[in-house]
1. Where in region 230-263 are there chymotrypsin sites (Phe, Trp or Tyr not before Pro) that are in a DSSP coil and have at most 12 other Cβ atoms within 10 angstrom of their Cβ?
2. Listed here are the pairs Lys81/Lys143; Lys44/Lys65; Lys209/Lys246; Lys152/Lys212; which of them are more than 27 Å apart at the Cα?
3. Place +1 on the Cβ of every Lys and Arg and -1 on the Cβ of every Asp and Glu in region 22-172, take the dipole about the Cα centre, and give the residue among Ser50, Pro168, Gly114 whose Cα lies farthest towards its positive end.
4. Once both axes come from the Cα atoms, what is the angle between helix 9-22 and the longest principal axis of the chain, in degrees from 0 to 90, rounded to 10?
5. Please give the solvent-accessible surface of Lys69 in Å², to the nearest 10, using a probe radius of 1.4 Å with every protein chain present.
6. With a cap of 13 neighbouring Cβ atoms within 10 Å, and only residues DSSP puts in a loop, list the trypsin sites (Lys or Arg not before Pro) found in region 85-139.
7. Under the 0.36 nm per residue contour assumption, what length would be gained going from the current alpha-carbon distance of Asn75 and Lys143 to full extension?
8. How much of Ser271 can a 1.4 Å solvent probe reach, expressed as accessible area in Å² and rounded to 10?
Amino acid sequence: MNLFLVTSPFQYICAIEAMHQYRTKNNILLLVNQASEPGITQQKNIINESDWDHIIHIGRTKRSKYIPKAIHDINKITKNKTIQHLFHAEYNAWRTKLLLRNLPIIKEVYFDDGTLTINEYEEYIRPKTIYNRQRLLQDLEIKLRGCSPIGKLPQSDNLEIFTIFDIPNPEHPVIKNNLTVLKNEYNVKSLYNPKAPIGFIGQGAIGHKRRKTITQYINEINHFKQKFDSPIIYFPHRTESEEVRKQVERISNLSYHYSQMPLEIELINQSIELSGLVGVLSTVQYTALLLYPNMPIYNLLFASDLNNDGVIVREKRISELFSKSGIINIEIN
């Protein structure tokens, strides 16, 4: 048996790619359901239940209750036998570590949850950091539900990386994800048209605590619009709030596109031609390099983002990798 933990539409794309790359059989999908639109619609449209032998749905809250229940459900399916692979995209996440602690897994395969891969590899995976998150009440609840608390958990001896990114000098086995299934299934064709609008990829967590304010974000889009002087098709992040949407829609010469699928698939399905694709350290910028080799891809660098040493280091890692891959960095002051 093989277990796939998926918490987002893009992770699902990577899970399908992993299934075909590793040629797995007897596949269980542990799906963490989306909590809001457009994530709910994207999840509904992208998932094909016939691809899976078993699907277990869980919510995004009450993890101490529902992850142990999922572990018991998985053991019923596998009859407590070993699991050949655990595929997941959140290396340092609590739910991932609880699965590793409580299930007999032979190989752990870490695939992409976007650009998170780049920083998780350098900060946790390469140095083989021991996971340590002990919580008295949470651990007691886990025990009462028949599972072992995580405690201190060292890195798996048999860890492999399946990624679209070119990790520099990796110290673990790395298998390249070329999005082969996506290319074949959706008949990818060139969507580059120099006379078409520019695509703008919306950012997540705008207006959240310790994140970019809505006012900052709107100002940045306006700065970009003035610099390029081109019509914009705006593609919102799947977690974008209603407040952000209302303010973005007020921007002149901007068309707000309600995506029904992850953007990698949405562009193909809707045959949306673009003269370029712009974002801020977004995964779609990188996947566009693989899917649309003739389209200019831009990455915006804002001086206002550089307000935290940790943020600076992480953003620099991503922007340097993007630049080496052919994405054009543009500074906007």
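1. Details: sites: Tyr234, Tyr256, Tyr258; in loops: Tyr258.
Qualifying residues, ordered by number: Tyr258.
2. Values: Lys81/Lys143 21 Å; Lys44/Lys65 24 Å; Lys209/Lys246 20 Å; Lys152/Lys212 34 Å.
From Lys81/Lys143; Lys44/Lys65; Lys209/Lys246; Lys152/Lys212, over 27 Å: Lys152/Lys212.
3. Highest projection toward the positive end goes to Ser50.
4. Here the helix axis deviates by roughly 60 degrees.
5. 110 Å²
6. Here the trypsin sites (Lys or Arg not before Pro) that fit, given the DSSP loop and packing criteria, are Lys128, Arg135.
7. 22.8 nm
8. We get 60 Å² for Ser271.
The values are calculated or read from the model by the stated rules, or taken from the named source; none is laboratory data. It should be emphasised that the depicted structure is a prediction, and the values quoted were computed from it without experimental measurement. All Cβ positions, glycine included, derive from the backbone under ideal geometry; neighbour counts span all protein chains shown. What goes into the accessible areas is simple: the full protein's heavy atoms, side chains included, and nothing from ligands, DNA or RNA. Shrake-Rupley method; radii C 1.70, N 1.55, O 1.52, S 1.80 Å.
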